[in-house]
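Below is one structure, written out as structure tokens, with a few remarks after it.
Read the figures in this text as sums done on the coordinates, not as results from a lab. No experiment lies behind these values; they were computed from the predicted model shown. Cβ coordinates were reconstructed from backbone atoms using ideal geometry, including for glycine residues, and neighbour counts include every protein chain displayed.
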Amino acid sequence: MQLNKKTVIITGANSGIGAAAAVLFAEEGANVVLGARREKELDEVTNQILAFGGRAISLAGDVCDEDYAKSLVELAENEFGNLDVAFNNAGIMGDQVPVHDMTSENWHSVLNTNLNSAFYAAKHQIPAMKRNGSGSIIFTSSFVGYTASFPGMGAYSASKAGLIGLTQALATENGTDNIRANALLPGGTITPMAGDLENNPDMREFLEGVHALKRLADPIEIAKAALFLASDNSSFVTGSPFIVDGGNSINKV
């Protein structure tokens, strides 16, 4: 039970990596506080956890709203007494167009969802972790914007690179309070964000081919990496861009 009785906030918890992490963390003994925009899907994940005897509560909302970030922390402390871990996983890809053709609305939407939301989260999560005496903050970044990028992904790349910079600043600011901050950098993962790959075999073949393992990740594989960063097994890991990309970053063939 790697997270026994620890309280964890997980955003983007209604599908994909977030949902897989929610179930896994609960199985590992955590009290999970789940956040996402789609309430119906969020309730389904929460009920799945409750059905096997896990401890879970959810609150639907938009991570772009600072008050929502504050409310998730308050919910964690009010329901479970403290906050030990935050897996800030929510994000979007946005329109895939060249920067010179990109609308300002798309740019701001992606940066707001992927990067500004991380600032709101950290702003309210860190004081709670200081009250608790320790903590682990995890952001879902990407190899995109760190080791590679693709045409049409300027906003996404910028937002995910920004998360790594924020992570490093938080690690240096809060290390003396025993609060760690790390960025998780997944490779291609079979999630709704990846699109309908079952009906687009050519795209799937291309995406698999850019990975050294020649396949995409299952969400649970990324969730297990997040579990490592959340648990005491990573007690000397902070400020790290933690690459879990199936060899995408080093693959050239």
Discussion item. Just to be sure before I move on: is Phe143 touching a strand residue (DSSP E or B) at 6+ places or on another chain (Cβ under 8 Å), within 20 Å of Val210 (Cα to Cα) and aromatic (Phe, Trp, Tyr) in the structure I sent?
Written reply: yes
Worksheet item: For residues in the range 23-55 being in contact (Cβ under 8 Å) with a residue 12 or more places away in the chain and either in contact with a Gly (Cβ under 6 Å, 6 or more places away or on another chain) or small (Gly, Ala, Ser) (or both), which is surrounded by the fewest Cβ atoms within 10 Å (Cβ to Cβ)?
Response: Gly29
Practice prompt. Give the residues of the range 145-177 that are under 15 Å from the mean Cα position of the chain (by Cα) and surrounded by fewer than 23 Cβ atoms within 10 Å (Cβ to Cβ), sorted by residue number.
Written response: Ala161, Gly162, Ile164, Leu166
Practice prompt. For Ala122, indicate whether it is surrounded by 15 or more Cβ atoms within 10 Å (Cβ to Cβ), free of Cβ contacts under 8 Å to residues at least 60 places away in the same chain, over 18 Å from the mean Cα position of the chain (by Cα) and closer than 20 Å to Asp177 by Cα.
Written response: no
Worksheet item: So, in the range 131-142, of the ones that are part of a loop (DSSP other than H, G, I, E, B) and surrounded by 21 or more Cβ atoms within 10 Å (Cβ to Cβ), which residue ends up nearest to the chain's Cα centre (by Cα)?
Response: Ser141
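Let's see how each residue does on (1) among the acidic types (Asp, Glu); (2) surrounded by fewer than 24 Cβ atoms within 10 Å (Cβ to Cβ); (3) closer than 22 Å to Leu185 by Cα:
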site	(1), (2), (3)
Ser104	no, yes, no
Trp107	no, yes, yes
Asn114	no, no, yes
Ile126	no, yes, yes
Met129	no, no, no
Fill in: Residue pairs meeting the criteria (Cβ under 8 Å; at least 6 apart or on separate chains; first farther than 16 Å from Phe143 by Cβ, in the range 209-223; second of a type in the set (S, T, N, Q))
Asp218/Thr189; Pro219/Thr189; Pro219/Thr191
Discussion item. Among the residues in the range 56-64, are any among the aliphatic types (A, V, I, L, M), in contact (Cβ under 8 Å) with a residue 40 or more places away in the chain, in contact with a strand residue (DSSP E or B) (Cβ under 8 Å, 6 or more places away or on another chain) and surrounded by 16 or more Cβ atoms within 10 Å (Cβ to Cβ)?
Written reply: yes
